[in-house]
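A.B. asks: Structure incoming, see below.
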């Protein structure tokens with residue numbers, strides 16, 4: 001099975017040609033949007049953690065990693081000029097991939113109007129560059145697919161998660177790479193994960209990072225939601241049960257390793273296979289986390305939430321007949337009444353993966369994407385809880 | 001040793017149990033109302049047994065659960081982070097309310 005993609009100078013393959021405008025500080029968001037509005041494929045990623053570096057290193061790492069994502073053809077980095085993070089701090093490493101990168105420091109070029117004018121010229125150059133790119137055929141094994149769920153209901157555990165899991169297994173068998181995350185929702189799954197981990201050292205890392213997440217989200221005295229009454233009325237009895245249902249979407253293949261995201265580094269998968277990662281359970285932040293890991297697209301199991309992000313297209317798989325609408329990409333509701341098997345549903349999902357890889361938009365691509373949420377771990381909480389990442 | 005109800009099942013009704021490939025494993029007589037999405041015991045589960053679903057442990061039974069009973073927060077507890085008793089009561093209350101409404 002093949003798809004047509006765009007070979008980037010660094011050897012990665014893009015399934016979209018996005019023009020990424022990075023606002024290094026929130027002050028540049030308006031400039032970025034004024035430029036972006038005239039270009040269909042322009043995407044704005046704004047750092048709203050302010051312009052200071054200390055404490056926000058994980059965000060800086062993500063800005064750079066998203067710029068390096070293969071779906072991004074070219075980049076414009078804009079900073080106001082009075083912050084600690086300059087545009088070259090972001091542009092330099094992105095530029096090492098060989099893709100075209102421009103920078104603007106608003107104060108240096110003379111203000112907002114001049115920045116919008118210059119930025120528009122740069123985007124026109126990027127658009128011309130993209131116009132000259134030709135797609136080539138590549139095997140499906142070159143794809144990196146993220147897996148996430150949102151708003152578990154009864155159909156998630158029975159229909160959408162198992163059918164996506166079966167599709168993930170098939171993708172891995174074809175030599176592709178898949179990435180799961182949402183470590184808080186793997187509590188209670190440790191026995192299953194241990195059996196799948198490719199080595200004891202990998203399982204130790206997985207365990208430590210799950211424990212880190214458990215601590216972040218169970219601070220005594222705070223009322224953090226982990227399971228809603230609705231989940232339970234709908235039939236889920238324990239967090240282990242919810243997690244095990246969610247785990248189904250990750251398939252059954254060995255877990256090569258767990259990809260980390262922190263203030264020091266962001267991992268990308270080097271070999272094909274299945275990976276876990278620190279992709280957050282929060283949907284918006286997860287989209288950007290997946291982009292940071294180099295993912296091409298995301299398989300998303302749900303009842304009916306229409307989530308998408310403008311860099312890594314999201315394929316929505318739903319098994320809930322009552323909530324199904326035209327935001328959904330793959331209908332697996334037949335599993336609930338026995339008119340479809342998990343196996344045939346997984347084939348439908350694979351077909352959709354190839355379509356999206358070939359450039360066919362998802363149901364809501366270009367119509368109403370969610371904004372790009374930059375989520376990072378708070379260094380103050382990490383310190384107070386005494387949490388640390390695993391050494392490479 | 002549990003199966004998930006794919007439709008509301010009344011007390012006294014017999015349910016067919018399906019495997020993932022849509023072949024039939026067997027039948028179970030529902031001893032009580034089992035709402036859509038909830039679990040029924042397909043074997044007797046003694047108190048203190050690890051409850052298995054999808055072949056993995058989802059919790060421990062807190063009382064003897066006869067075959068055909070509803071398996072949920074009132075007779076199963078988590079082995080990691082359990083639901084507070086007041087919330088468990090509210091969950092069961094909402095389930096009973098749905099049954100009375102004929103949902």
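A.B. asks: Among B:51, B:28, which is the only one that is facing chain A (nearest Cβ under 9 Å) and not in a helix (DSSP H, G or I)?
C.D. replies: B:51
A.B. asks: Is it fair to say residue A:64 is crowded, with 17+ Cβ neighbours inside 10 Å, assigned to a helix (DSSP H, G or I) and in contact with a helix residue (DSSP H, G or I) (Cβ under 7 Å, 6 or more places away or on another chain)?
C.D. replies: Here the answer is yes, as residue A:64 does meet what is asked.
A.B. asks: Among the residues of region A:17-47, what is the count of those that are surrounded by fewer than 22 Cβ atoms within 10 Å (Cβ to Cβ) and in a loop (DSSP other than H, G, I, E, B)?
C.D. replies: 6
A.B. asks: Would you be able to say whether some residue in region A:250-260 is away from chain B (no Cβ under 12 Å) and more than 24 Å from residue A:170 (Cβ to Cβ)?
C.D. replies: yes
A.B. asks: Only one of A:128, A:134, A:182 is touching a strand residue (DSSP E or B) at 6+ places or on another chain (Cβ under 9 Å), closer than 30 Å to residue A:78 by Cβ and away from every other protein chain (no Cβ under 14 Å); which?
C.D. replies: A:134
A.B. asks: If you don't mind, there's one more thing I want to ask. Can we say residue A:168 is buried (at least 23 other Cβ atoms within 10 Å of the Cβ) and within 26 Å of residue A:21 (Cα to Cα)?
C.D. replies: no
A.B. asks: Kindly indicate which of A:50, A:103 is touching a residue at least 12 places away in the same chain (Cβ under 8 Å), not in a strand (DSSP E or B) and not assigned by TED's automatic domain parsing to the domain that holds residue A:261.
C.D. replies: A:50
A.B. asks: Restricting attention to region A:118-131, does a residue exist that is touching a residue at least 60 places away in the same chain (Cβ under 8 Å), within 30 Å of residue B:21 (Cβ to Cβ) and buried (at least 24 other Cβ atoms within 10 Å of the Cβ)?
C.D. replies: Scanning region A:118-131 turns up no residue that is touching a residue at least 60 places away in the same chain (Cβ under 8 Å), within 30 Å of residue B:21 (Cβ to Cβ) and buried (at least 24 other Cβ atoms within 10 Å of the Cβ).
A.B. asks: Additional query: Of all residues in region A:200-230 being modelled with pLDDT of 75 or more, under 30 Å from residue A:319 (Cα atoms) and in a helix (DSSP H, G or I), which is farthest from the other protein chains (Cβ to nearest Cβ)?
C.D. replies: So the residue we want is A:206.
A.B. asks: Could you say whether any residue in region B:58-70 is in contact with a strand residue (DSSP E or B) (Cβ under 9 Å, 6 or more places away or on another chain) and modelled with pLDDT under 95?
C.D. replies: yes
A.B. asks: Hey, any hits in region B:76-99 for a residue that's surrounded by 20 or more Cβ atoms within 10 Å (Cβ to Cβ), free of Cβ contacts under 8 Å to residues at least 40 places away in the same chain and within 13 Å of the chain's Cα centre (by Cα)?
C.D. replies: yes
The values are calculated or read from the model by the stated rules, or taken from the named source; none is laboratory data. Small disclaimer: the values here were computed from a predicted structure and weren't measured. Every residue, glycine as well, gets a Cβ built from its backbone with ideal geometry; the counts of neighbours run over all protein chains shown.
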